[in-house]
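A short write-up of the structure that comes next.
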């Protein structure tokens, strides 16, 4: 073969093929059905064999997809009855929050990913190491946060929310973990202002604080982690729902991305 016929190897560039895991594909399709209204709150999903038949997938992939949606609070699995679409009581995000999320969402999503790693690590350590004084301190911080909400003081709400989560980190008695967490706190301030100002924030977030505390009292690391996952997953969902911006050409993380991340910790 002459040199003028040789392929220009140095000029050829191929993009890698997207390989979306099958459970994510299934979960995205179910999410689309829910978002479109085809599946409404309270609706029961078809049985596992029927869904597997419709999607033409194995049951293991289907179960993983349902688990992701359950982690995100989209569906509820009732043993012996089936899987149901959960009721969403959250109001639509305000225009201000939507604009903020569209510009800041991808960066804050990364902070949330680090935060969940730290809080889940702290949950396990705290259930082993927490003193009664640590538990009492967290209970006091929860009461202070709820008192701030009754007063309607947003600045105080932000401050007390920070202290609730910091009290859990401190209960782990790991200085390096605490230092790493405290670095994140200033980066979370504006995000907390937006999320805590949304309607019914007390109904969505305060019960998770109490659930984390209850798990700590019982020394039940799984319960503390579950409450933390639900709490931060809801916050992550607020960003995802309000904005879909891209940063440096990279798509903003989705709720399913976060479910996958959570699966590495739980």
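Values in this text are rule-based calculations from the coordinates and carry no lab data. If you're wondering where the values come from, they're calculated on a predicted model, not measured in any experiment. Note: ideal-geometry Cβ built from the backbone for every residue, glycine included; neighbour counts use all protein chains shown.
I'd like to compare 57-67, 126-136: which one has the highest average count of other Cβ atoms within 10 Å, and what's the full order after that?
Working: 57-67: 17.3, 126-136: 15.2.
Peptide ranking by packing, descending: 57-67, 126-136.
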(request) May I ask you to compute the full-extension gain from residue 63 to residue 153, defined as 0.36 nm times their residue separation minus their alpha-carbon distance, rounded to one decimal in nm? (result) 28.1 nm
(request) Compute the semi-axes of the equivalent ellipsoid of the range 121-166, taking the square root of 5 times each eigenvalue of the Cα gyration tensor, and list them largest first in whole Å. (result) 24, 11, 6
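Suppose the chain between residue 140 and residue 70 were pulled fully straight at 0.36 nm per residue; how much longer would it get relative to their current alpha carbon spacing? The partial results should precede the final answer.
Values: separation 70, 0.36 × 70 = 25.20 nm, distance 3.08 nm.
Length difference between fully extended and current span is 22.1 nm.
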(message) Looking at the range 130-194, I'd like the Rg to Rh ratio, where Rg is from alpha-carbon atoms and Rh is Kirkwood's inverse mean 1/r.
(response) 1.00
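Using 1/(1 + (r/R0)^6) with R0 = 25 angstrom and r between the beta carbons of residue 132 and residue 178, what's the FRET efficiency to the nearest 0.05? Before the final figure, lay out each step's value.
Numbers: r = 19 Å, r/R0 = 0.78.
The formula returns an efficiency of 0.80 here.
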(request) Sorted from largest down, give the three principal axis spans of the alpha carbons of the range 22-85, whole angstrom values. (result) 26, 26, 20
(request) Note the full-extension length gain between residue 220 and residue 56 as 0.36 nm times their separation in residues minus their Cα-Cα distance, in nm to one decimal. (result) 55.2 nm
